[in-house]
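*Asks:* Structure below; questions to follow.
The values are calculated or read from the model by the stated rules, or taken from the named source; none is laboratory data. These figures come from a predicted structure and were not determined experimentally. Here the Cβ is made from the backbone with ideal geometry for all residues, glycine too, and neighbour counts use every protein chain on show.
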Amino acid sequence: MTHIQSRPNLAPDAHAGAYRYDAFDKTFVRERVAQFRGQVERRLSGALTEEEFKPLRLMNGVYLQLHAYMLRIAIPYGVLRSPQLRQLAMIGRRWDKGYGHFTTRQNIQFNWPALKDIPDMLDALAEVDMHAIQTSGNCIRNVTADHYCGAAADEIVDPRVYAEILRQWSTLHPEFTFLPRKFKIAISGSPQDRAAVQVHDIGLIATRNRDGAVGFTVYVGGGQGRSPFLAVKARDFVPEAELIGYLEAVLRTYNQLGRRDNIYKARIKVTVHEMGAEAFLNLVEEEYARLPRDRFRLDPAIVAAIESHFAPPPFEALPARSAALEAARAADPAFARWLRSNTHPHRQPGYAIAVVSLKPVGGIPGDATSDQMEALADLADRFSFGEVRVSHEQNLVLAHVRQDDLHALWQGLEAEGLGTANLNLVSDIIACPGLDYCALANARSIPIAQRISERFGDLDRQHEIGELKIKISGCINACGHHHVGHIGILGVDKKGEEFFQILLGGESASPAAALGEITGPGFSADGVVDAVETLVSTYLALRRPGERFIDTLNRTGHGPFKESIHAAA
Amino acid sequence: MPLLKNGTVVEDRFVAVTDDDPLPDGVDVLVPLERWRTLHDALPPGRRYGVRLKSHQLVGEIAPDLGTLALVALELPKFRDGRAFSGARELRERYHWQGEIRAVGHIIPDQYLMLTRVGVDTVEVPAERLTDAWRRALGEFSIAYQAAQDDAPTLSLLRRHLRAGEPS
Ligand code: SF4
């Protein structure tokens, strides 16, 4: 009886699959904010030079952009509880212009804060166990993970557990905080990689061996940017207990040998490429062989303790098929269309994973208003145990929705302009901030995404075209992941004018991961939108039943596609 | 140049000698790696020796000599160049060396605690930069998520209180 009576008092996010801070973590984050306040004061007093202050503010997520400071907040492996999302909404309203921008690294950034307000923003974050630590700077960045973790039907190991372990391990790591360059780790726990592991400095695929023991396939040396590389496989299976030790060996080798003379050659991908993968990995193995294993052994008790934070929520026993869902699907074609693109099979019968598109037709990819964030927090409380995830494709995920509730959820999303049925379709575009915000940009990125999205505004047409991933970067730094778009668009500067190159055939998901190839000369802003439409027409003319854009492209080769857009030129 | 140990200024017993200076009599000397190489076959006795490594000179270069060295100084040409952090760890963890590790060059107070955690004993600080920030930096965090060089090996891998040193 007491149990039943106590239930109504449970917070709506009581079962969210998120790591809960204890007094230890809370103390740490408070100390970090206090330290940053002190650093800001020392900068203002002149005790710190701007050169010295810069890396310190970067390691607290503070960038200087084209027009203003930007604060990038860590969302560890993309998982948020509803009170945290509400706090982000509050921060956006109070210190920004009423919205925030979700990033390809599963973080959120605010583009218009004043430097003087940032320590207060960090305090507001600390109230809900959040921070901006290591979202920038030459350190180990926020670890990213499969956004369907703990829910996907095909998952073998829950990557959140290890992502959290790596978050702790990498937080203010005494040895690896002044690396040659930034360092990104991604982890997936399914055979279908959804974390783009091969374009990260270290990519991990958690798996199990024949005895059922957890271990990791380790990839090293991937990255995008101006010289893109796919990561090479370093080990097939690093046992769970050895994960931290092995990563220490990789990082230590890189910290000592990575180039520090040229910022563009400082990433581990260049070290691996210039030395040769075999030579580099041999050094890693030597380093690993002499590490004191016991010291770095990941104790099963630690893993179990962290695992307890990610226990499955109390699912109801439901039939695999929902009659209510089928009735709504039959009655409402727009809902049926959203179901087709924006839901994903769940491992629990009667549940589904629902994806909330942050790519409304003509909108800014990844942006959400404070009102939308609050509405989503409420929907998450009602329908998904108070939990929301951010995907690296800049959408949001409600991971555990009863199929019976999907129609009500979709109606709630529609009311907020969040019900766009375009996941993985032509308007589900990744775009970097580009010339609208970024000081390094050569060209606009967001307006191109908006115009392509408007050109294909008809959702039925998008569904007819099927899966097609377009990714746009405003310069060769590739924050918009153009190297791994099925169609990649790269903004370049030609004599003071912006031009757009088109790449074809990229793919972010291992094992099919591939880098796109440039098709030919660049296009104007108008021309690139036309060219994308031409590529789509070419695909529709060539495709065989069941083929996605990328399948047809891989079957025919790039020839017919290139000709279609460059023939006229 | 002032030398900090545990947040307070201590006497520097080593005299820095360049590649060309004659070795002064009867004092402990700190020499660059290049000079060390010309010396180490015929070391004048009666004093202690230290070697100063530039950031690209990895500690493996002096591994065979560690038994005769009392001090290794690791240089940070720019504070952003973090190779010394790995160098110190290697000296302690790989070579089990117990001598003094000193950080020299461009270092900021915000690095001090981390330097001590990877095994650095002393830090050289220019007199004009010697503020209270150094001592305070050692107390800014009471918590760490990683093992440090001076932690007992039996502690669990993640999360510890720094001063008390007990696992949490
Ligand atoms: S790709 Fe270039 S323009 Fe776009 S955000 Fe990155 S640095 Fe800025």
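*Asks:* For the structure I just gave you, tell me whether A:I302 is within 29 Å of the chain's Cα centre (by Cα), touching a residue at least 24 places away in the same chain (Cβ under 8 Å), within 14 Å of chain B (Cβ to nearest Cβ) and surrounded by fewer than 12 Cβ atoms within 10 Å (Cβ to Cβ). Steps first, answer last, please.
*Replies:* Numbers: within 29 Å of the chain's Cα centre (by Cα): yes; touching a residue at least 24 places away in the same chain (Cβ under 8 Å): yes; within 14 Å of chain B (Cβ to nearest Cβ): yes; surrounded by fewer than 12 Cβ atoms within 10 Å (Cβ to Cβ): no.
Spelling it out, it is not the case that A:I302 is within 29 Å of the chain's Cα centre (by Cα), touching a residue at least 24 places away in the same chain (Cβ under 8 Å), within 14 Å of chain B (Cβ to nearest Cβ) and surrounded by fewer than 12 Cβ atoms within 10 Å (Cβ to Cβ).
Each row is one residue, and each column tells you yes or no for (1) within 8 Å of the ligand (Cβ to nearest atom); (2) at pLDDT 95 or above.
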{"site": "A:D428", "(1), (2)": "no, yes"}
{"site": "A:C438", "(1), (2)": "yes, no"}
{"site": "A:A443", "(1), (2)": "yes, yes"}
{"site": "A:F456", "(1), (2)": "no, yes"}
{"site": "A:I472", "(1), (2)": "no, yes"}
{"site": "A:C475", "(1), (2)": "yes, yes"}
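*Asks:* Restricting the first residue to the range A:481-498 and requiring it to be under 18 Å from A:S427 (Cβ atoms), which pairs with a second residue that is among the small types (G, A, S) and within 13 Å of the ligand (Cβ to nearest atom) meet a Cβ separation below 6 Å and a spacing of at least six or different chains?
*Replies:* Pairs found: A:H482/A:S473; A:H482/A:G488.
*Asks:* Right, another one. Within the range A:503-521, identify whether any single residue is crowded, with 24+ Cβ neighbours inside 10 Å, among the aliphatic types (A, V, I, L, M) and within 16 Å of the ligand (Cβ to nearest atom), and answer yes or no.
*Replies:* no
*Asks:* So, in the range A:16-29, of the ones that are surrounded by fewer than 18 Cβ atoms within 10 Å (Cβ to Cβ) and assigned to a loop (DSSP other than H, G, I, E, B), which residue ends up nearest to the other protein chains (Cβ to nearest Cβ)? Quick ask: steps written out before the conclusion?
*Replies:* Looking only at the range A:16-29, we keep the residues that are surrounded by fewer than 18 Cβ atoms within 10 Å (Cβ to Cβ), and these are A:20-24, A:26-27.
If we keep only those that are assigned to a loop (DSSP other than H, G, I, E, B) as well, we get A:20-22.
Working: A:R20: 14, A:Y21: 12, A:D22: 8 Å.
Among those residues, the one meeting the criterion is A:D22.
*Asks:* Among (1) free of Cβ contacts under 8 Å to residues at least 40 places away in the same chain; (2) out of contact with any helix residue (DSSP H, G or I) (no Cβ under 8 Å at 6 or more places or on another chain); (3) under 30 Å from B:I143 (Cβ atoms), which single condition is A:K184 missing?
*Replies:* (1)
*Asks:* For the range A:517-547, name all the residues that are in a loop (DSSP other than H, G, I, E, B) and touching a helix residue (DSSP H, G or I) at 6+ places or on another chain (Cβ under 9 Å). First the steps, then the outcome.
*Replies:* Taking the range A:517-547 and keeping what is in a loop (DSSP other than H, G, I, E, B), we get A:519-522, A:524, A:543-547.
Hits for the range A:517-547 are A:T519, A:G520, A:P521, A:G522, A:R543, A:R544, A:E547.
*Asks:* Looking only at the range B:74-128, filter to residues that are of a type in the set (G, A, S) and closer than 19 Å to B:Q149 by Cα; which one of those is farthest from the other protein chains (Cβ to nearest Cβ)?
*Replies:* Top of the filtered list is B:G99.
*Asks:* Can you say whether A:F28 is more than 30 Å from A:F310 (Cβ to Cβ), at pLDDT below 95 and among the aromatic types (F, W, Y), as far as the supplied structure shows?
*Replies:* It is false that A:F28 is more than 30 Å from A:F310 (Cβ to Cβ), at pLDDT below 95 and among the aromatic types (F, W, Y).
*Asks:* Since A:K495 meets every condition but one in (1) at negative phi; (2) more than 23 Å from the chain's Cα centre (by Cα); (3) charged (D, E, K, R), which condition does it not meet?
*Replies:* So the condition that A:K495 fails would be (1).
*Asks:* Evaluate the following for A:L125: is it over 28 Å from A:V272 (Cα atoms) and surrounded by fewer than 22 Cβ atoms within 10 Å (Cβ to Cβ)?
*Replies:* Numbers: over 28 Å from A:V272 (Cα atoms): yes; surrounded by fewer than 22 Cβ atoms within 10 Å (Cβ to Cβ): no.
For A:L125, the condition - over 28 Å from A:V272 (Cα atoms) and surrounded by fewer than 22 Cβ atoms within 10 Å (Cβ to Cβ) - is not met.
*Asks:* Then there is this: Suppose we keep only residues that are crowded, with 18+ Cβ neighbours inside 10 Å and not aliphatic (A, V, I, L, M) within the range B:25-53. Which one would you say is farthest from B:D81 (Cα to Cα)? So that I can check it myself, show each step before the final result.
*Replies:* From the range B:25-53, those crowded, with 18+ Cβ neighbours inside 10 Å are B:29-32, B:35-36, B:49-53; that's our starting set.
Next cut, not aliphatic (A, V, I, L, M) only: B:32, B:35-36, B:49-50, B:52.
On the way: B:P32: 19, B:R35: 24, B:W36: 24, B:Y49: 25, B:G50: 22, B:R52: 16 Å.
The qualifying residue farthest from B:D81 (Cα to Cα) is B:Y49.
*Asks:* Let me ask something else. From the list A:R42, A:R57, A:R86, which one is in contact (Cβ under 8 Å) with a residue 60 or more places away in the chain and outside the structural domain of A:A186 (by TED's automatic domain parsing)? Even if it seems obvious, please write down each step before you answer.
*Replies:* Numbers: A:R42 fails: in contact (Cβ under 8 Å) with a residue 60 or more places away in the chain; A:R57 fails: in contact (Cβ under 8 Å) with a residue 60 or more places away in the chain.
Every option except A:R86 fails the conditions.
*Asks:* Sticking with this structure for a sec: Quick one: how many residues across the range A:99-128 are in a loop (DSSP other than H, G, I, E, B) and either among the hydrophobic types (A, V, I, L, M, F, W, C) or not assigned by TED's automatic domain parsing to the domain that holds A:Y69 (or both)?
*Replies:* Residues meeting the conditions: 3.
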